[in-house]
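Following: one structure in structure tokens, then a few remarks.
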Amino acid sequence: MNSLFSQVQIGRYTLRNRMVMAPMTRSRADDAGVPSDLVQTYYAQRSSAGLIISEGVFPNALGKGYVRTPGIETPEQVAAWKQVTDAVHARGGRIFMQLMHCGRVSHPSLLPEGAQPQAPSAIKAAGQTWTATGLQDFVTPHAMSVAEITSVIDSYRSAARRAIEAGFDGVELHTASGYLPEQFLSSGSNQRDDQYGGSVANRARFVLEVLHAMVLEIGGDRVGIKISPEMNFNDIVDANPQETYTYLVEQLREFNLAYLHVALFGASVDYHALLRPLFDGAYLVGGGLSKESAQGLLAEGRADAAVFGSTFLANPDLPERFRTDAPLNAPNKDSFYAPGAEGYIDYPSISPAQSA
């Protein structure tokens, strides 16, 4: 029986445990998308995870969607991330970079020269995003031309290469939370009438072409993908999500990906039962897990690894706390996206005496 504390193979890597730190936006970069020195400490503190998946990182400047989020486009960004990966590896950890293009979920004040956000169709999302001046309503995005789509796909390819140059062990394509890949995938946000819209095969084309580009660049065993069917975050909806995600996951076989990361939040069907049999690589499950629920999923063979979000945020030594049944720190939601060290690198670890 698999347990949280047993090794697992994910892509080319043998992980020391099956506890994965979820990608979580923390907004500790500067205005140029360069991670601050605090970021190195934050990830190093949590390097006992079997795998860390970084916060969402924009592959190019037009993909930025929130204030103080990091990128992987410039030499300065690459150099700062190299310090992060060196710190994680020095403690024996593994870390993948999540690539996140926000698409329509952005604001001109966050983009070069006040550009309109990009999207598959000129459909405004309901909601707001955090800017330097506070919350601002989403705007009507610019419907991308085929040439722009090709350029963005190439930016994902380049970003994957730069992530490896920065020392990351691999990359994850963020295809959830209403960001650009899911905007193409979902019928509510994609009303194109060309090869990137209409049928489920056409709507999935962008995601599959991005994966193809990244796999050619760095190898499928260093690429993962995250999906979250029916999460409906950032005003994303799809007319037939079971058909959409079944088709998408069936197409992933050709890429020999390291993993499929599926996070469920109130979905109407059991997507794990639907999708796991369709995927040949490691299957990662997330979405409000506890130690007990994660152990149950692993014991039943419904997952190969368990992904923890705010629990890992508040407990940098989470594997040790789980191993010893130590009490858990509670996350401070007020500091999730605030700048500075408070609520970021000051969560306490248990002492050796407490562990004993």
Are any residues in segment 264-290 in contact with a strand residue (DSSP E or B) (Cβ under 6 Å, 6 or more places away or on another chain), surrounded by fewer than 23 Cβ atoms within 10 Å (Cβ to Cβ) and small (Gly, Ala, Ser), and if so, which ones?
-> 281, 287
So which residues in segment 108-145 are in contact with a helix residue (DSSP H, G or I) (Cβ under 9 Å, 6 or more places away or on another chain) and under 14 Å from residue 183 (Cα atoms), if there are any at all?
-> 117, 118, 119, 120, 121, 123, 124, 125, 126, 141, 142, 144
Looking at 293, 310, which is the one that is out of contact with any strand residue (DSSP E or B) (no Cβ under 9 Å at 6 or more places or on another chain), surrounded by fewer than 21 Cβ atoms within 10 Å (Cβ to Cβ) and of a type in the set (S, T, N, Q)?
-> 310
Search segment 110-124 for residues that are in contact (Cβ under 8 Å) with a residue 60 or more places away in the chain and pair each with any residue that is open to solvent by 40 Å² or more (accessible area, probe 1.4 Å) when their beta-carbon atoms are under 6 Å apart and the residues are at least 6 apart or on different chains.
-> 118/62; 118/142; 121/143; 121/191
Where residues in segment 231-261 are of a type in the set (Asp, Glu) and either assigned to a strand (DSSP E or B) or open to solvent by 40 Å² or more (accessible area, probe 1.4 Å) (or both), which of them is farthest from residue 175 (Cα to Cα)?
-> 254
Identify, from the list 33, 92, 71, the residue that is on the phi > 0 side of the Ramachandran plot and buried (at least 19 other Cβ atoms within 10 Å of the Cβ).
-> 33
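Okay, residues lined up against (1) farther than 14 Å from residue 188 by Cα; (2) among the aliphatic types (A, V, I, L, M); (3) assigned to a strand (DSSP E or B):
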residue	(1), (2), (3)
103	yes, no, no
113	yes, no, no
116	yes, no, no
121	no, no, no
126	no, yes, no
129	yes, no, yes
135	yes, yes, yes
139	yes, yes, no
Can you confirm whether segment 342-356 contains a residue that is under 21 Å from the mean Cα position of the chain (by Cα) and among the hydrophobic types (A, V, I, L, M, F, W, C)?
-> yes
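The values are calculated or read from the model by the stated rules, or taken from the named source; none is laboratory data. Treat the numbers as computed from the prediction; the structure is a model and nothing was measured. Every residue, glycine as well, gets a Cβ built from its backbone with ideal geometry; the counts of neighbours run over all protein chains shown. Keep in mind that these areas ignore ligands, DNA and RNA; they rest on the heavy atoms of the full protein, side chains included. Shrake-Rupley method; radii C 1.70, N 1.55, O 1.52, S 1.80 Å.
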